[in-house]
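Peer 1: I have a structure I would like to understand better, so I am pasting it below and will then ask my questions one at a time.
Here, each number is a calculation from the coordinates, and none is a lab measurement. Values in this document were obtained by computation on a predicted structure and should not be read as measured data. We place every Cβ from the backbone using ideal geometry, glycine too, and count neighbours over all the protein chains shown.
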Amino acid sequence: MASGGEPSWAWLGLLKWSLSYSDGTRPSSETMKPLSPEDKAFLEEVMKDGIINEGERMKTILAELADTLEVLKAKAEGKQVGEEKKELSDEEMAERMRELRDIVEQIDYARAFMSLGGLTFLLGCAAEQGVVPTPFRASCLAVLATMCQNNPPVQLNMLEKGSIVALSDLYFSELEYEKNVLKEERSAHSNLRTRLVQAFSCSVRNHEIAEDLFCRNENAVRVIESGLASASPLALQKRALFFFRALVTSDTCSRERMHIFARSLAHVCETRLTEDTDPELRELSLDLLTEILRQKKGVNTILDRRNDMVTMGIGRVSAIRALKGEEREYADVELKHWEDLITELARAEPDSDEQTNPEPLLIEAPKAVDNNETVSE
């Protein structure tokens, strides 16, 4: 059953209807317009060189996935399904989603996919717990992230569909669901939450309205707090930290926003600079704190912990400088980050109108096998 939003499986019906009335290359209201000379020239080139029509291929992939999901739904309900409905294997479904993701990397095709009802399909499918395989749900979120990244019309359409509430609800629904699954199944569900944060990040970052609405939604802010929690898988912590950095160093970030995320910032200061922290996570945290100090707003949460961080930093700088050979070369990036942070801590002055000493993060997450991926987007 879907965790919220559209009635269960309504998204599948909407997709099938949309596929019947659109050619997948432009908004359905335009599909009956005559071909322009440029379109005719492109079509002739396709016919001559055998180039795949990406729009038509996208529609074919969606039709195959819709048939497969309809079969899965019928089986779950104990119903018979017609032989004309072909069920793809898990491997075939994964391959189709990789191909779809490659197609929608192109901004125009991402918008064409949106016109087919693709966003509703991806959100609905990702929310369908139990029947739809968890890896496929995660693939839907990966495609969603690819579509949204640096694509304002798609980001706006996501907002209009209530994606902030939908993705927040799904995150916490999945968190609860994850606590009750077998230990060997938790990795897939942890990966799903990681993909959720990635989709959230791509749909919100660099879109002023989306960023503001996200930061004003209490549950959405809790997604960041949960993702940063020490019990969360490392890949999820990195995704959450990357998203958090984008929000608090954005050109539109205000002192009010810094106050909203004060608990998350305090958590980073207190737990993410220690020597036993993952090196990439520590470097991301050092860079984040330095950038916040340089933008000179919302700095009190950091300055309240200045003495502890300087003491830790001096010790770490001394330890790195004592290293030799490859070890020293490997640690040079961290050394530079520590030197920059210590310099900015020495220069920084408090904000006079800022509240400090936020409550610590209390959100916990079930531990899971980690995918240990790096943050790239």
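Peer 1: Using Cβ counts within 10 Å as a stand-in for footprinting exposure, how do THR194, THR249, THR120 rank, fewest first? Don't jump to the answer; show the numbers that get you there.
Peer 2: Details: THR194 27, THR249 14, THR120 20.
Ranked by crowding around the Cβ, least crowded first: THR249, THR120, THR194.
Peer 1: What pairs in LYS161/LYS297; LYS59/LYS86; LYS75/LYS179 have C-alpha atoms more than 22 Å from each other?
Peer 2: Details: LYS161/LYS297 33 Å; LYS59/LYS86 16 Å; LYS75/LYS179 26 Å.
Those over the limit are LYS161/LYS297; LYS75/LYS179.
Peer 1: Evaluate the distance, in nm, between pseudo-label points positioned 7 Å from the Cα of THR252 and of ASP304 along their respective Cα→Cβ axes.
Peer 2: Those two pseudo-labels are separated by 2.8 nm.
Peer 1: Turning to a different aspect of this structure: Please compute the contact order of the range 106-184 in relative form: average sequence separation of alpha-carbon pairs under 8 Å and at least six residues apart, divided by the residue count, as a percent.
Peer 2: Numbers: 33 pairs, mean separation 22.3, N = 79.
Rounded, it is 28 percent for the range 106-184.
Peer 1: May I pose another question? On average, how much area does the Cα convex hull of the range 145-262 cover when viewed from any direction, in nm²? Walk me through the intermediate numbers first.
Peer 2: Numbers: hull surface 27.9 nm².
In nm², the orientation-averaged hull projection of the range 145-262 is 7.0.
Peer 1: As a footprinting exposure proxy, order LYS297, LYS183, LYS75 by other Cβ within 10 Å, with the fewest listed first.
Peer 2: Details: LYS297 16, LYS183 10, LYS75 13.
Least crowded to most crowded, the residues run LYS183, LYS75, LYS297.
Peer 1: Continuing with this model, one more query. For ALA76 and GLU99, FRET efficiency with R0 = 22 Å and r from the beta-carbon atoms, rounded to 0.05?
Peer 2: Values: r = 26 Å, r/R0 = 1.19.
The calculated FRET efficiency here is 0.25.
Peer 1: Can you give the local net charge around LEU335? Use residues other than it whose beta-carbon is closer than 11 angstrom to its beta-carbon, Lys and Arg +1, Asp and Glu -1. Before the final figure, lay out the partial values.
Peer 2: Numbers: positive: ARG316, ARG321, ARG328, LYS336; negative: GLU283, GLU329, ASP332, GLU334, GLU339, ASP340.
Summing Lys/Arg as +1 and Asp/Glu as -1 gives -2.
Peer 1: Provide the FRET efficiency to the nearest 0.05 for the GLU87-THR271 pair, computing r from the beta carbons and using R0 = 35 Å. Each step should come with its number before you reach the end.
Peer 2: On the way: r = 46 Å, r/R0 = 1.32.
Here the calculated transfer efficiency is 0.15.
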